[in-house]
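Colleague: A single structure is presented below for examination.
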Amino acid sequence: MLEFFQGPMGLIAFTGSAAVILLLAVLVAVLRPRHADPMQKFTGEVKETARNRKQDAAALRRKSGRDFKALEKFSRFLEPESETELSAARQKMIQAGYLGKNAVRDFAALQFILAVLGVCVSLVLVYVVMPEQFESPVMMAIGLIAPMLIGYFGPRRWIERRVEARKEEILSGFPDALDLMLVCVQAGQSLDQAMQRVSKDIRNAYPALSEEFTTVGEQVKAGRERSEVLRDMAKRSDISDITAFVTVLVQAANYGTSITEALRMFSSEMRDKRMMRAEEKANLLPTKMTLGTMLFTVPPLLIILIGPSVIAVMSDLNSGSIMSGM
């Protein structure tokens with residue numbers, strides 16, 4: 001109907017207008033002040049007073065850490081309102097290596113911007129650049145929705161891959177770092193000095209692990225308890241070996257046992273675990289190579305063995321048909 005009454009540009013104008021109206025409606029809904037019922041407002045004030053002490057510090061940190069003034073108006077939309085969700089999102093960004101205070105808000109803003117850009121690109125692609133390729137409703141729906149989904153969920157997949165890569169890097173460099181730390185402690189250095197020295201030595205090879213050790217050393221210098229700092233490191237890394245290492249150090253400090261002996265035993269155990277992981281990957285290699293072997297070896301072999309016979313049979317059939325024709 002739009003193409004009949006408005007011409008070929010009618011559908012494009014209608015779709016673009018609908019997208020702009022939808023975006024404006026979302027922004028108005030986000031920025032519009034909410035007028036609550038008096039009883040609900042009173043109940044909310046009572047609940048807010050009860051949890052004031054828990055949320056004030058986090059709210060002050062969020063407000064003081066905002067560097068991009070353009071995003072302050074959208075902070076309620078970009079950051080989770082629940083403290084639990086905000087803490088989980090911040091923990092995920094820290095595990096990915098983004099330690100800034102505004103990491104959660106910037107990540108949400110990036111998702112929103114990429115989704116909107118995906119919608120704009122899809123509209124231009126479907127209705128202007130290649131309209132003949134999206135004539136069917138299914139292809140049109142895919143062309144309009146796929147870029148938006150990629151723009152929204154792409155950064156989330158990137159963060160997940162960053163978390164896995166960072167964990168793998170920490171796990172692969174941890175046994176070597178323990179050996180270096182054991183040498184430093186046996187040479188007479190304290191545990192904090194050993195961590196600082198090891199963080200400098202492994203900075204080029206394992207920057208993620210070096211960053212964790214540097215953070216521990218700086219926080220201990222600032223006056224925090226070593227056990228709390230180590231537990232924070234285990235929580236940030238979210239790796240079972242790091243958690244076990246922290247438990248060993250905390251127990252050695254609580255019971256007064258030798259840190260050198262604890263490091264020696266734990267370092268030996270980590271070397272054995274690294275060897276076991278390498279053997280496990282080596283044992284999985286033949287299974288993974290089976291499919292490739294079948295795909296790239298069996299068909300050429302069949303062609304080599306059966307090909308001459310097939311050619312001979314076809315030539316005999318052709319010669320027989322020629323003789324019968326004569």
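Colleague: What are the residues in the range 225-243 that are within 26 Å of the chain's Cα centre (by Cα) and surrounded by fewer than 15 Cβ atoms within 10 Å (Cβ to Cβ), if any? Show your work before the answer.
Modeller: As a first pass, look at the range 225-243 and keep what is within 26 Å of the chain's Cα centre (by Cα): 229-243.
Once the filter is applied, which keeps residues that are within 26 Å of the chain's Cα centre (by Cα) and surrounded by fewer than 15 Cβ atoms within 10 Å (Cβ to Cβ), the range 225-243 yields Lys235, Ser240.
Colleague: Going by what's in this entry, would Met181 be described as in a helix (DSSP H, G or I), without any contact (Cβ under 8 Å) to a residue 60 or more places away in the chain and either β-branched (Val, Ile, Thr) or buried (at least 18 other Cβ atoms within 10 Å of the Cβ) (or both)?
Modeller: Here the answer is no, as Met181 does not meet what is asked.
Colleague: Is it true that some residue in the range 103-112 is assigned to a helix (DSSP H, G or I), closer than 23 Å to Met148 by Cβ, at pLDDT 80 or above and of a type in the set (S, T, N, Q)?
Modeller: yes
Colleague: Look through Ala205, Ala222 and report the one residue that is surrounded by fewer than 16 Cβ atoms within 10 Å (Cβ to Cβ), within 27 Å of the chain's Cα centre (by Cα) and among the aliphatic types (A, V, I, L, M). Before the answer, list the steps.
Modeller: Working: Ala222 fails: within 27 Å of the chain's Cα centre (by Cα).
The match here is Ala205.
Colleague: Another one. Kindly indicate whether Ala253 is modelled with pLDDT under 85 and either surrounded by fewer than 17 Cβ atoms within 10 Å (Cβ to Cβ) or in the same structural domain as Ala177 (by TED's automatic domain parsing) (or both). If you could, list the steps in order and put the result at the bottom.
Modeller: Numbers: modelled with pLDDT under 85: yes; either surrounded by fewer than 17 Cβ atoms within 10 Å (Cβ to Cβ) or in the same structural domain as Ala177 (by TED's automatic domain parsing) (or both): yes.
The answer is yes for Ala253.
Colleague: Within the range 289-307, identify whether any single residue is under 30 Å from Ile239 (Cα atoms), at pLDDT below 85 and surrounded by 10 or more Cβ atoms within 10 Å (Cβ to Cβ), and answer yes or no.
Modeller: First, the residues of the range 289-307 that are under 30 Å from Ile239 (Cα atoms): 289.
Subset that is at pLDDT below 85: 289.
Add one more test, that the residue is surrounded by 10 or more Cβ atoms within 10 Å (Cβ to Cβ), and what stays is 289.
Within the range 289-307 (the criterion being under 30 Å from Ile239 (Cα atoms), at pLDDT below 85 and surrounded by 10 or more Cβ atoms within 10 Å (Cβ to Cβ)), the answer is yes, since at least one residue qualifies.
The values are calculated or read from the model by the stated rules, or taken from the named source; none is laboratory data. Given the structure is predicted, the values throughout are model-derived calculations rather than measurements. No Cβ is skipped: glycine too gets one built from the backbone with ideal geometry, and neighbour counts run over all protein chains shown.
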